[in-house]
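**Student:** Below is the structure I would like to discuss, written out as C-alpha cells.
What follows is calculated from the coordinates using simple rules that are stated; it is not laboratory data. Just so it is clear, the structure is predicted and the values come from calculations on it, not from any experiment. Please note: Cβ atoms are built from the backbone with ideal geometry, for glycine as well, and neighbour counts cover all protein chains shown.
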C-alpha cells in the first residue's frame with residue numbers, strides 16, 4: 001500500500017487531477033483509512049485556495065493611462 | 001476586476017478591434033495580475049510592470065491581425081512571455097534561460113522528511129486545523145505575515161511556478177512552454193512550494209510561532 005510519505009509527495013498531482021486512474025484509486029484507498037493524510041489533503045487544498053487569493057498585483061494607474069493613449073493613437 | 005466580468009470571446013475581440021476604449025482599460029486591469037506573474041517569473045518583479053506595458057503596446061499594434069487561433073488571453077500571455085524573454089536576454093546575463101532550467105532539476109529531493117518515520121508513516125498524527133476556509137486564513141494577520149516571510153524565502157523557481165499556477169491560474173502545459181521546463185520538473189517544484197507553505201501554516205496553527 002502507498003505510504004503516507006508517498007501520498008504527501010503526490011498530493012498536488014491528485015488535487016490537480018493530473019494522476020492516472022490506477023494511482024488515483026490507490027490514493028483514495030489510502031485516504032479512506034488514514035486520518036492524518038485526509039487532513040493533509042484538506043490542508044493542502046486550503047493552502048492552495050489561500051495562495052490563489054493572495055498577492056493580486058494590480059495594474060498601475062499610470063500604465064493604464066499610457067496604454068489608453070497608445071490605444072487611441074492606433075484608432 | 002474579475003475576468004468573468006468580461007464579454008464572451010468573440011464579442012471581446014470585435015469590440016477591442018473596434019476601439020472600445022472602456023473595455024480595453026477593463027481588460028488591461030482584469031488580466032494584469034496573471035500577465036504580471038508571467039513577466040515576473042521570467043525577469044523578476046522590478047521590471048515586470050514595464051514588460052507587461054511594452055507587451056500591450058505590441059498587442060495594440062497586432063490586434064487587427066489577430067487570427068483567433070488561440071484564445072485572446074493566451075495570445076496576449078505569449079506576447080508578454082516573449083517580451084520578457086527578450087528583456088532577459090538583452091540583459092546579457094552569463095547564464096541563459098536554458099541553463100537555468102537545467103539547474104531546476106538539481107534542487108535537493110525530499111530525501112529525509114522529519115514528518116515521517118523510516119517506513120514512510122507519519123511520526124505523529126497530523127492535527128486538524130482550527131481554521132476551515134481560505135478567507136479565515138487570509139484574515140489571520142500574523143499568520144499571513146509569516147506566510148509572506150516564507151514565500152520570499154522560497155527558491156525562485158518554485159515561487160515562479162506557484163505564482164503562475166496558483167495565483168495566475170495557468171495550466172501546467174502553458175507554464176512549461178513559457179518557462180521552458182519539463183512537465184515532471186515543474187510538477188515537483190510546484191508541489192514542493194505548496195507543501196512548504198502548508199507546513200508553515202501547520203506549524204503556526206500548532207504552536208502560534210512562525
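**Student:** Sorted by mean Cβ packing within 10 Å, highest first, what order do the peptides B:114-121, A:4-11 take?
**Tutor:** Values: B:114-121: 12.4, A:4-11: 20.2.
Answer by packing, highest mean first, reads A:4-11, B:114-121.
**Student:** Would you mind giving the mean number of other chain beta-carbons within 10 Å of the Cβ of each residue in A:7-19, as a whole number? Kindly include the intermediate steps, with their values, before the conclusion.
**Tutor:** Numbers: counts 1, 10, 8, 2, 4, 9, 4, 0, 2, 6, 0, 3, 0.
For this peptide, the per-residue mean of nearby foreign Cβ atoms is 4.
**Student:** For the peptides B:25-31, B:13-19, what is the packing order when you average, over each peptide's residues, the other Cβ atoms within 10 Å and list the highest mean first? Present the calculation step by step, with values, prior to reporting the outcome.
**Tutor:** Working: B:25-31: 19.1, B:13-19: 14.3.
Listed from highest to lowest mean packing, they are B:25-31, B:13-19.
**Student:** Is the shape of region B:3-90 rounded, prolate or oblate, going by the alpha carbon gyration tensor and its root eigenvalues a ≥ b ≥ c, with a/c under 1.5 for rounded and a/b larger than b/c for prolate?
**Tutor:** On the way: a/c = 2.10, a/b = 1.69, b/c = 1.24.
Cα axes put region B:3-90 in the prolate bin.
**Student:** Report, as an integer, the average count of C-beta atoms from other chains found within 10 Å of each Cβ along B:187-198. Please list the in-between numbers first.
**Tutor:** Details: counts 5, 3, 0, 4, 9, 2, 2, 8, 7, 1, 6, 11.
Whole-number average of other-chain Cβ neighbours for B:187-198 is 5.
**Student:** Report the label-to-label distance for residue B:19 and residue B:177 in nanometres (one decimal), using points 7 Å from each Cα along the Cα→Cβ vector.
**Tutor:** Modelled inter-label distance: 3.2 nm.
**Student:** List the relative contact order of region B:3-90 as a percent without decimals, with contacts defined as Cα pairs under 8 Å and 6+ residues apart.
**Tutor:** On the way: 61 pairs, mean separation 28.6, N = 88.
Relative contact order here is 32 percent.
**Student:** If neighbour count is taken as other Cβ atoms inside 10 Å, put B:56, B:129 in order from fewest to most.
**Tutor:** On the way: B:56 27, B:129 19.
Fewest to most other Cβ atoms nearby, the residues stand as B:129, B:56.
**Student:** Which order do the peptides B:33-42, A:15-24 come out in when sorted by mean C-beta neighbours inside 10 angstrom, highest first?
**Tutor:** On the way: B:33-42: 24.8, A:15-24: 11.9.
Ranking, from highest mean packing down: B:33-42, A:15-24.
**Student:** Evaluate peptide B:164-171: per residue, the Cβ atoms of other protein chains within 10 Å of its Cβ; return the mean as an integer.
**Tutor:** Details: counts 0, 5, 8, 7, 3, 1, 0, 1.
Mean shielding by partner chains, rounded to a whole number: 3.
**Student:** Shape call for region B:97-207 from the C-alpha gyration tensor, a ≥ b ≥ c root eigenvalues: rounded (a/c under 1.5), prolate (a/b greater than b/c) or oblate?
**Tutor:** Working: a/c = 2.25, a/b = 1.38, b/c = 1.63.
Oblate, since a/c reaches 1.5 and b/c is not below a/b.
**Student:** Sticking with this structure for a sec: At 222 nm, what value in deg cm²/dmol follows for chain A if DSSP H runs of at least 4 each add -39500 (n - 2.57) and the sum is divided by all its residues, to the nearest 500?
**Tutor:** Numbers: 5 runs with 55 residues, N = 75.
So the calculated ellipticity at 222 nm is -22000 deg cm²/dmol.
**Student:** Run the numbers for residue B:86 and residue B:203: contour at 0.36 nm per residue of separation, minus the present Cα-Cα distance, in nm. Could you put the intermediate results ahead of the total?
**Tutor:** Numbers: separation 117, 0.36 × 117 = 42.12 nm, distance 4.13 nm.
My answer for the length gained is 38.0 nm.
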